[in-house]
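Dumping the structure here so I can ask a few things about it.
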Amino acid sequence: MQIISKYFSSLTETQTKQLSMLQDLYNDWNAKINVISRKDIQQLYEHHVLHSLAIAKFISFKSGTNILDFGTGGGFPGIPLAILFPECRFTLIDGTGKKVRVAQEVATTIGLKNVETKHIRGEEEKGKYDFVVSRAVMPLPELIKIVRKNIAKQQKNVLPNGIICLKGGSLADELKPFSNIVQVTEISNWFTEEWFQTKQVVYLPL
């Protein structure tokens, strides 16, 4: 939890409490359902929570923004972002029912009122959103084909509506079709830990 307050110094008491509850909750759920790899659960705050919050360093969502977390798994990046942006609406979807259940239970337990979870495949989601966020779910061209239909036309934020993905490694081939409009930001610009050296935030307006 210290690693979060290191980079987000203006958290409210509620946000601090909600974030601090995550380790025990995910430990408990991971013992029943393997949501996070066993070796990674001890790095929950760095590898999952802080990684998710890199999106909050890239953009500060305005109040009333609707965000779809595509392929949320156990709730990343949606739950940490929902904690940080309580005035925004987050819809977390995943095709694996047991993972969605974990995300819902965690959101309920920590008292998040701005989160809805759905056990649904991306192709079936019909809602309109300002942004789609995801964490290395699939290559960007495939993701765009599925979620283009879900991007709302009306703009609320400084950045045009679109996709914001957390990615790692070499992205040259994957991003080539969008080279004229895609924006790639190194997460190491914000977080100094070695684990983030190969991680990026990828933004594509749609």
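Among the residues of the stretch 85-101, how many are hydrophobic (A, V, I, L, M, F, W, C) and touching an Asp or Glu at 6+ places or on another chain (Cβ under 8 Å)? Spell out the reasoning first.
First, pick out the residues of the stretch 85-101 that are hydrophobic (A, V, I, L, M, F, W, C): 85, 88, 90, 92-93, 100.
So of that shortlist, the ones also touching an Asp or Glu at 6+ places or on another chain (Cβ under 8 Å) come out as 90, 92-93, 100.
Residues meeting the conditions: 4.
Yes or no, residue by residue, for (1) basic (K, R); (2) under 17 Å from I55 (Cα atoms); (3) open to solvent by less than 70 Å² (accessible area, probe 1.4 Å); (4) touching a Cys at 6+ places or on another chain (Cβ under 6 Å):
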{"site": "T109", "(1), (2), (3), (4)": "no, no, no, no"}
{"site": "K113", "(1), (2), (3), (4)": "yes, no, no, no"}
{"site": "M138", "(1), (2), (3), (4)": "no, no, yes, no"}
{"site": "P141", "(1), (2), (3), (4)": "no, no, yes, no"}
{"site": "K153", "(1), (2), (3), (4)": "yes, no, no, no"}
{"site": "Q183", "(1), (2), (3), (4)": "no, yes, no, no"}
{"site": "Q197", "(1), (2), (3), (4)": "no, yes, no, no"}
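Only one residue in G127, G97, G122 is buried (at least 21 other Cβ atoms within 10 Å of the Cβ) and over 11 Å from the mean Cα position of the chain (by Cα), so which one is that? Give the steps one after another, and end with the answer.
Details: G127 fails: buried (at least 21 other Cβ atoms within 10 Å of the Cβ); G97 fails: buried (at least 21 other Cβ atoms within 10 Å of the Cβ).
From the options G127, G97, G122, the qualifying one is G122.
Conditions tested, residue by residue: (1) touching a residue at least 40 places away in the same chain (Cβ under 8 Å); (2) within 19 Å of the chain's Cα centre (by Cα).
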{"site": "L19", "(1), (2)": "yes, yes"}
{"site": "L22", "(1), (2)": "yes, yes"}
{"site": "I33", "(1), (2)": "yes, no"}
{"site": "I36", "(1), (2)": "no, yes"}
{"site": "L44", "(1), (2)": "no, yes"}
{"site": "V49", "(1), (2)": "yes, yes"}
{"site": "L53", "(1), (2)": "yes, yes"}
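Does any residue in the stretch 56-82 that is over 19 Å from L143 (Cβ atoms) come within less than 7 Å, Cβ to Cβ, of a residue that is among the basic types (K, R) and outside any strand (DSSP E or B) six or more places away or on a different chain, and which pairs are these?
Between residues of the stretch 56-82 that are over 19 Å from L143 (Cβ atoms) and residues that are among the basic types (K, R) and outside any strand (DSSP E or B), the close pairs are K62/K156; G64/K156; T65/K156; G74/K99.
So how many residues does the stretch 12-59 have that are modelled with pLDDT of 95 or more and surrounded by fewer than 13 Cβ atoms within 10 Å (Cβ to Cβ)?
Residues that pass the stated criteria total 4.
Follow-up. Kindly provide the set of residues from the stretch 70-122 that are among the basic types (K, R) and in a loop (DSSP other than H, G, I, E, B), ordered by number.
At the first step, the residues of the stretch 70-122 found to be among the basic types (K, R) are 89, 98-99, 101, 113, 118, 121.
Selection gives K113, R121.
Tally up the residues in the stretch 1-45 that are part of a helix (DSSP H, G or I) and charged (D, E, K, R), please.
Going through the stretch 1-45, the residues part of a helix (DSSP H, G or I) turn out to be 2-7, 13-32, 41-45.
Narrowing the set further to residues that are charged (D, E, K, R) leaves 6, 13, 17, 24, 28, 32.
Final tally of qualifying residues: 6.
Quick one: how many residues across the stretch 154-167 are at pLDDT below 95 and among the charged types (D, E, K, R)?
Residues flagged as at pLDDT below 95 and among the charged types (D, E, K, R) within the stretch 154-167 amount to 1.
Can you tell me which residue within the stretch 161-206, out of those that are among the hydroxyl-bearing types (S, T, Y) and in contact (Cβ under 8 Å) with a residue 40 or more places away in the chain, is nearest to G71 (Cα to Cα)?
Within the stretch 161-206, the first condition is being among the hydroxyl-bearing types (S, T, Y), and the residues that meet it are 170, 179, 185, 188, 192, 198, 203.
Of the ones still in play, those that are also in contact (Cβ under 8 Å) with a residue 40 or more places away in the chain are 185, 203.
On the way: T185: 22, Y203: 17 Å.
Checking each candidate, the answer is Y203.
V158: among the β-branched types (V, I, T), in contact (Cβ under 8 Å) with a residue 60 or more places away in the chain and outside any helix (DSSP H, G or I), yes or no?
yes
Continuing with the same structure: Evaluate the following for K149: is it out of contact with any strand residue (DSSP E or B) (no Cβ under 9 Å at 6 or more places or on another chain) and either open to solvent by less than 10 Å² (accessible area, probe 1.4 Å) or under 19 Å from G78 (Cα atoms) (or both)?
Values: out of contact with any strand residue (DSSP E or B) (no Cβ under 9 Å at 6 or more places or on another chain): yes; either open to solvent by less than 10 Å² (accessible area, probe 1.4 Å) or under 19 Å from G78 (Cα atoms) (or both): no.
No; evaluated as a whole, the condition is false for this residue.
Still on this structure: Return a yes/no flag: does the stretch 66-80 have any residue that is farther than 25 Å from L159 by Cβ and open to solvent by less than 10 Å² (accessible area, probe 1.4 Å).
yes
Within the group S179, S188, S134, S170, which residue is within 30 Å of K98 (Cα to Cα), small (G, A, S) and either open to solvent by 40 Å² or more (accessible area, probe 1.4 Å) or modelled with pLDDT of 95 or more (or both)? Let's see the steps before the verdict.
Values: S179 fails: within 30 Å of K98 (Cα to Cα); S188 fails: within 30 Å of K98 (Cα to Cα); S170 fails: within 30 Å of K98 (Cα to Cα).
After ruling out the rest, the residue left standing is S134.
The values are calculated or read from the model by the stated rules, or taken from the named source; none is laboratory data. Quantities reported herein were computed from a predicted structural model and do not represent experimental measurements. Note that we place each Cβ from the backbone using ideal geometry, even for glycine, and neighbour counts take in every protein chain shown. Each accessible area value is taken on the protein alone, full model and side chains, heavy atoms only, with ligands, DNA and RNA left out. Shrake-Rupley method; radii C 1.70, N 1.55, O 1.52, S 1.80 Å.
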